[in-house]
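Engineer: This is the structure I want to talk about, given as structure tokens.
Just so it is clear, none of the values below were taken in a lab; they were calculated from the coordinates. On a predicted model such as this, the values are computed, not experimentally measured, just so you know. We place every Cβ from the backbone using ideal geometry, glycine too, and count neighbours over all the protein chains shown.
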Amino acid sequence: MESFLLSLVLALLWVSTAQAEVLVQPDFDAEKFSGLWYVVSMVSDCKVFLGKKGHLRMSTRAITATAGGGLSVHMEFPRADGCNQVDAEYLKVGSPGHFRVPALGYLDVRVVDTDYSSFALIYIYKELEGALSTMVQLYSRTQDASPEAVKALRDFYPTVGLPDDMMVLLPKSDLCSRKDKEAP
């Protein structure tokens with residue numbers, strides 16, 4: 001039992017040290033970050049993601065800044081049986097651009113890089129079905145990410161230990177079309 005507890009403590013210390021190495025966007029501005037984003041690419045070591053990555057489609061995030069530096073996020077995911085919608089509160093942790101999302105099992109969410117007008121890189125460390133995993137998402141204000149944004153993604157995800165074969169550029173989908181919708 002003592003060795004199990006020691007292993008658990010060491011693992012938690014390693015995780016917190018590893019997480020501290022991922023920086024947040026300097027001077028992150030939640031108001032400028034608000035609005036509609038498309039998730040155009042993802043990279044993850046999550047077993048659920050890896051099993052489904054060939055079937056995933058581009059999803060959306062309608063983001064609104066909240067009091068205290070948090071974010072209210074409305075997500076729409078195209079699925080074979082229709083459009084799945086999820087709302088979540090991203091709770092500010094520490095510096096602006098650093099969040100946790102207990103409802104989704106997101107232990108650590110960081111806006112790593114954004115120019116606010118065209119792209120954003122999002123780092124997520126989460127727990128799903130009892131397993132810990134790392135994910136990086138590329139957000140774009142349009143369904144077509146710029147080559148510079150894709151390069152930023154490709155330069156970043158290896159720094160958190162994710163290899164190329166865990167990356168997918170997501171195909172477009174009209175199932176959850178938000179063309180005429182505003183962010184909630």
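Engineer: Using only the alpha-carbon atoms of segment 30-110 as identical scatterers, what base-10 log of I(q)/I(0) does the Debye formula give at q = 0.14, 0.22, 0.25, 0.27 Å⁻¹?
Structural biologist: So the normalised log intensities work out to -0.52, -1.17, -1.34, -1.40.
Engineer: What are the aspartates and glutamates whose alpha-carbon lies under 20 Å from the alpha-carbon of Lys53, with same-chain residues fewer than 8 places away excluded?
Structural biologist: Straight-distance partners of Lys53: Asp45, Glu76, Asp81, Glu127, Glu129, Asp144, Asp164, Asp165, Asp174.
Engineer: Largest first and in whole Å, give the semi-axes of segment 24-169's equivalent ellipsoid, each being the square root of 5 times a Cα gyration tensor eigenvalue.
Structural biologist: Details: eigenvalues 86, 61, 54 Å².
Semi-axes from the Cα gyration tensor: 21, 18, 16 Å.
Engineer: Summing Lys, Arg as +1 and Asp, Glu as -1, what charge do residues with Cβ under 9 Å from the Cβ of Asp108 carry, Asp108 excluded?
Structural biologist: +3
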